1. Output the qualifying pairs, or none if there are none: Cβ atoms under 8 angstrom, residues six or more apart or on different chains, first residue in the range 103-120 and at pLDDT below 95, second residue open to solvent by 40 Å² or more (accessible area, probe 1.4 Å).
2. Any chance the range 42-49 includes a residue that's in contact with a Ser or Thr (Cβ under 7 Å, 6 or more places away or on another chain), among the aromatic types (Phe, Trp, Tyr), open to solvent by 20 Å² or more (accessible area, probe 1.4 Å) and under 27 Å from Leu188 (Cα atoms)?
3. Can you pull out every residue in the range 130-145 that is open to solvent by 30 Å² or more (accessible area, probe 1.4 Å) and touching a Lys or Arg at 6+ places or on another chain (Cβ under 7 Å)?
4. Of (1) touching a residue at least 12 places away in the same chain (Cβ under 8 Å); (2) at positive phi; (3) surrounded by fewer than 20 Cβ atoms within 10 Å (Cβ to Cβ), Glu37 satisfies all except one. Which?
5. Could you tell me whether Gly73 is of a type in the set (Gly, Ala, Ser), assigned to a loop (DSSP other than H, G, I, E, B) and open to solvent by 40 Å² or more (accessible area, probe 1.4 Å)?
6. Looking at the range 116-129, can you tell me whether even one residue there is more than 14 Å from the chain's Cα centre (by Cα), among the hydroxyl-bearing types (Ser, Thr, Tyr), open to solvent by 20 Å² or more (accessible area, probe 1.4 Å) and on the phi < 0 side of the Ramachandran plot?
7. Given the condition assigned to a loop (DSSP other than H, G, I, E, B) and under 26 Å from Ala30 (Cβ atoms), answer yes or no: does some residue in the range 172-181 qualify?
8. State which residue is surrounded by the most Cβ atoms within 10 Å (Cβ to Cβ) when the search covers only the range 162-218 and only residues that are more than 27 Å from Phe68 (Cα to Cα) and basic (Lys, Arg).
Amino acid sequence: MAEVNLLRSLPRTKRNITQRGEAKTPDVIAAARDYGELYFDGPRSYGYGGYRYDGRWLPVARDIIEHFGLKPGMRVLDVGCAKGFLVKDLMIACPGLEAFGLDVSHYALTHCEKEVVGRLHLGSGDALPFPDDSFDCVLSINTIHNFDRVGAEKALHEIQRLSRGRAFVQVDSYHTPEQKDLFESWVLTARFHDYPAEWIKLFAQAGYTGDYYWTVVE
């Protein structure tokens, strides 16, 4: 395993943490966890506040391709692909790369980019519907923490099963108690989150040997 920031090229957006915290209620959390229209394209208090393709994932796709040495004909899976933006950009960055995605959101998959139609699967990361060792690389960015701890362990095990350890996950975390408090005031969908050392223990428990990084609210 290696800690590597494969999202370093992604533009940073300014989050209105105070506004999100003031709007956060049990009903808002429940609606966000449906991963439907409100979460992706509804008001910002429910999630993204409009999730539209703008090419920002293309530099990230290039960094992923370089990091893993991906080439045309290789197979890549994005677990938690949403509308398939990264899947699209992986294929742009490496023509001939066989990129696929999986997500629990029927809404996201039916509002995907036209270039990825037929490449996105409806399903859950804790029970990936593919054979062992069926991908050259598996990615899961800001998704694993949406399971509880047991589900997160299962999802990490599933990623390992498909990827032979050629994988990358990024999950919600924090380095200080202050960052933890800030994160908990903001978060809507994450069911399991912890300090990096505890995540690394969970990786080991799941048998996950791929790479990883942290999403920290600041």
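The values are calculated or read from the model by the stated rules, or taken from the named source; none is laboratory data. Everything quoted here is computed from the prediction, not taken from an experiment. Reconstructed Cβ throughout: ideal geometry from the backbone, glycine too, with neighbour counts over all protein chains shown. Note: accessible area is taken over every heavy atom of the protein model, side chains too, but ligands, DNA and RNA are not part of it. Shrake-Rupley method; radii C 1.70, N 1.55, O 1.52, S 1.80 Å.
1. Here the result reads Glu113/Tyr53, each pair linking the range 103-120 to a residue that is open to solvent by 40 Å² or more (accessible area, probe 1.4 Å).
2. The initial filter retains those residues of the range 42-49 that are in contact with a Ser or Thr (Cβ under 7 Å, 6 or more places away or on another chain), namely none.
The answer is no, given that none of the residues of the range 42-49 is in contact with a Ser or Thr (Cβ under 7 Å, 6 or more places away or on another chain), among the aromatic types (Phe, Trp, Tyr), open to solvent by 20 Å² or more (accessible area, probe 1.4 Å) and under 27 Å from Leu188 (Cα atoms).
3. Of everything in the range 130-145, those that are open to solvent by 30 Å² or more (accessible area, probe 1.4 Å) and touching a Lys or Arg at 6+ places or on another chain (Cβ under 7 Å) turn out to be Asp132, Asp133, Asp136.
4. Of the numbered conditions (1) touching a residue at least 12 places away in the same chain (Cβ under 8 Å); (2) at positive phi; (3) surrounded by fewer than 20 Cβ atoms within 10 Å (Cβ to Cβ), the odd one out for Glu37 is (2).
5. On the way: of a type in the set (Gly, Ala, Ser): yes; assigned to a loop (DSSP other than H, G, I, E, B): yes; open to solvent by 40 Å² or more (accessible area, probe 1.4 Å): yes.
In short, yes.
6. No.
7. If we filter the range 172-181 for residues that are assigned to a loop (DSSP other than H, G, I, E, B), which is where we start, we get 173-176.
With the extra rule that they be under 26 Å from Ala30 (Cβ atoms), the set shrinks to 173-174.
Within the range 172-181 (the criterion being assigned to a loop (DSSP other than H, G, I, E, B) and under 26 Å from Ala30 (Cβ atoms)), the answer is yes, since at least one residue qualifies.
8. It comes out as Lys180.
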